[in-house]
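In what follows, a structure is listed as structure tokens, so that the remarks can point back to it.
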Amino acid sequence: MREAEIECQAPTTTAKIPGERKRKTDDRDAEKILDLNGAHVLAGASLLTVWLPGLQTLGDREVARQRVTVADKRCKVKTQVRSLLKRCDLRKPPKLVNENFKMTGDPNTGEKVMTTKTAAACLLLLALCPSFAVAKSPNIILLMGDDHGWEETGYNGHPHVKTPVLDEIAATGLRFRHFYAAHPNCSPTRASFLTGRHPNRMGTFAPGWSLRPQEITIAQILRRAGYHCGHFGKWHVGPVNAGSPTNPGEMGFHEWVSHDNFFELNPSLSRNGGPPEVIKGESSQIVVNEAIRFIDRTTQAGKPFFTIVWFGSPHEPYSGLPADLALYDDLPAKYPTPKVSLTSNATGGPVSRPKGEVLRERYAEITAMDRAIGGLRKHLASQGLRQDTLLFYCGDNGTSSDGTLGFPHRGVKGQVYEGGTLVPGLIEWPERISQPRTTSVRSCTSDLLPTLCALVGQPQPNRPLDGLDLTPVLDGKMTERPGPLVFWEFNTERLARSKPEPWIDPELQKGTTPLVKLMGGKATRDFTNYRHPAIADTDYFGPRAIIDGRFKLVIHEQKTGDPKRELFNLDADPAEKTNLIEQQPALATKLQTRLHDWQKSVLNSLAGADYKE
């Protein structure tokens, strides 16, 4: 048993605690003994003693997840402590040093960890001095729509889409005017969401490219911090079956009910890596229901929850419930032309249909997803969880070409213009964001991991990250992003020709959950990731963009000649119509150099330099 004792100057006697040897207590005040899942706190007016048994296992961070009230009569304060060891990273075995208040190196990782005596000192400071109080770590829910672009919400002024729940969150929480997916396609953005890194660093270049098992995810970090972690819905960064080295479980989640890719009504989902099972119903409601059951189980077990829900909507092929479709019955007449190409729900093959019919079904999916989010919020409120739950929503890329109206931004999914990367961005967290607020700070999915690390007191991974900590944005203390945002669609033509060694055995990259959409006559999807060959000049190619302040540089290679360069002032020209390259060539060159330097770092990561054998 490890123990720590912090003592103030006061007359003391001794008291016997059953099962333990004698400890001091203040004879002026009755002692107060509290049990925290095996750790005992003895609190009096001038003395606090903490027993921390069995700290060799991560499970003992249960101590950090319990709420305890410590009353101190002399100071006349009452402090609720929910995170006894919030700033500790007590890994195995925690090295115990001398009596001083200090940090020491973890013998396994070399990271700084807090000694048990320091932890007890922190608890005493929390009890005696309110100014030292540490904010509670919230429950966390991260939601993401599939192909849901920035303009497709009521609060952003869409002429047709009905999203009353997202509108309410925008009106009462934190709304991002400029929130970006880190990539204009789904799998890469999901990799950035999980890791805080640009997807090209891990070879997740396009849809169907997996991440690498060596990556460090939000779930792994929050799991270490004591959270119970669950994933529900679309995964798309590797197969979800039990044999995959990149399934949600291998990447840090305790539980998952997930799909390799997108899904429609009556989806086939894998539960914790098991065989696909068809679940009847509207897909957004299904994954939210699974998330609610997970939240309830976790809460009943006395643990904080980290829940990711990645919807299958509104990705094509589209479908909807009759009541949702009826909301948009006027659209076929309003948009009889043009015809757009998409997948047939009946055959799984390509079909061409009038745009108005397609929009009717697409918007019905968005409204159903919005309603499911509303049901989740109501459940949190009914269980007394809403106040201290951080709920976040975004899309994974801009609106797809079959569903766009062509305004207010240039471009669509798959393009590095604003229409391909701008998505809805909302945070609701009543305990910390008590008043509605809108921020103009440009932010993206890569920022999620650094932000959550800061919120739960965990160190960021010791490797290059591309996101930044947005906690100053939560508190209204940041008005402009301190560094650039960078977008890059990797040119995979060289890999297609050379066929390098796979990073993961292809047999382990085979998906099992079927889709409506067939590819090569196949309903399931397989994944790929390669060991990259020696870096070549052509590896810097591919559509790319950098945003620094209000200026954005976009670069595209052309079949012949120099690359096409476009410079935009996004504040004055959010639709990216006016190319300023002739007026400000020096600025364009500066941004291009900065972009190229960043690419060097990314290619170094791609080659595997960030992974220690």
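The values are calculated or read from the model by the stated rules, or taken from the named source; none is laboratory data. The structure displayed is predicted, hence computed values, not measured ones. Here the Cβ positions follow ideal geometry from the backbone for every residue, glycine too, while neighbour counts run over all protein chains shown. The area values use the complete protein model at the heavy-atom level, side chains included, leaving out ligands, DNA and RNA. Shrake-Rupley method; radii C 1.70, N 1.55, O 1.52, S 1.80 Å.
So here's what we get for this one:
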item	result
Top-ranked residue of segment 223-253 - restricted to ones that are charged (D, E, K, R) and outside any helix (DSSP H, G or I), ranked as least open to solvent (accessible area, probe 1.4 Å)	234
Breaking point among (1) within 20 Å of residue 204 (Cα to Cα); (2) in contact with a strand residue (DSSP E or B) (Cβ under 6 Å, 6 or more places away or on another chain), for residue 612	(2)
Scan of segment 134-177 for residues that are in a loop (DSSP other than H, G, I, E, B), open to solvent by 10 Å² or more (accessible area, probe 1.4 Å), at pLDDT 95 or above and touching a Pro at 6+ places or on another chain (Cβ under 9 Å), ordered by number	150, 151, 154, 155, 156, 157
Within segment 254-345, helices (runs of 4 or more DSSP H) holding 3 or more residues that are of a type in the set (S, T, N, Q) and open to solvent by 10 Å² or more (accessible area, probe 1.4 Å)	283-300
Qualifying residue in segment 376-395 (condition: farther than 30 Å from residue 300 by Cβ, touching a Gly at 6+ places or on another chain (Cβ under 9 Å) and either in contact (Cβ under 8 Å) with a residue 40 or more places away in the chain or in a loop (DSSP other than H, G, I, E, B) (or both))	yes
Looking only at segment 484-540, and only at residues there that are within 28 Å of the chain's Cα centre (by Cα) and free of Cβ contacts under 8 Å to residues at least 40 places away in the same chain, the one that is nearest to residue 277 (Cα to Cα)	506
Checking residue 605 against (1) loosely packed, with under 14 Cβ neighbours inside 10 Å; (2) at pLDDT 95 or above; (3) within 30 Å of residue 463 (Cα to Cα); (4) not hydrophobic (A, V, I, L, M, F, W, C), the condition it does not meet	(1)
Long-range neighbours under 6 Å by Cβ, at least six apart or interchain, first residue farther than 21 Å from residue 493 by Cα and among the hydrophobic types (A, V, I, L, M, F, W, C) within segment 556-583, second open to solvent by 50 Å² or more (accessible area, probe 1.4 Å) and assigned to a strand (DSSP E or B)	581/565
Total residues in segment 323-358, condition touching a Ser or Thr at 6+ places or on another chain (Cβ under 6 Å) and of a type in the set (Gly, Ala, Ser)	2
From the options 389, 367, 399, residue that is in contact with a strand residue (DSSP E or B) (Cβ under 7 Å, 6 or more places away or on another chain), crowded, with 23+ Cβ neighbours inside 10 Å and not hydrophobic (A, V, I, L, M, F, W, C)	389
Residues of segment 348-365 satisfying the condition of being in contact with a Lys or Arg (Cβ under 8 Å, 6 or more places away or on another chain) and part of a strand (DSSP E or B)	352, 353, 354
Among the residues listed as 177, 201, the single one being basic (Lys, Arg) and out of contact with any strand residue (DSSP E or B) (no Cβ under 8 Å at 6 or more places or on another chain)	201
Condition met for residue 464 (open to solvent by 40 Å² or more (accessible area, probe 1.4 Å) and of a type outside the set (Ser, Thr, Tyr))	yes
Residue match in segment 201-213 (condition: farther than 10 Å from residue 449 by Cβ and part of a helix (DSSP H, G or I))	yes
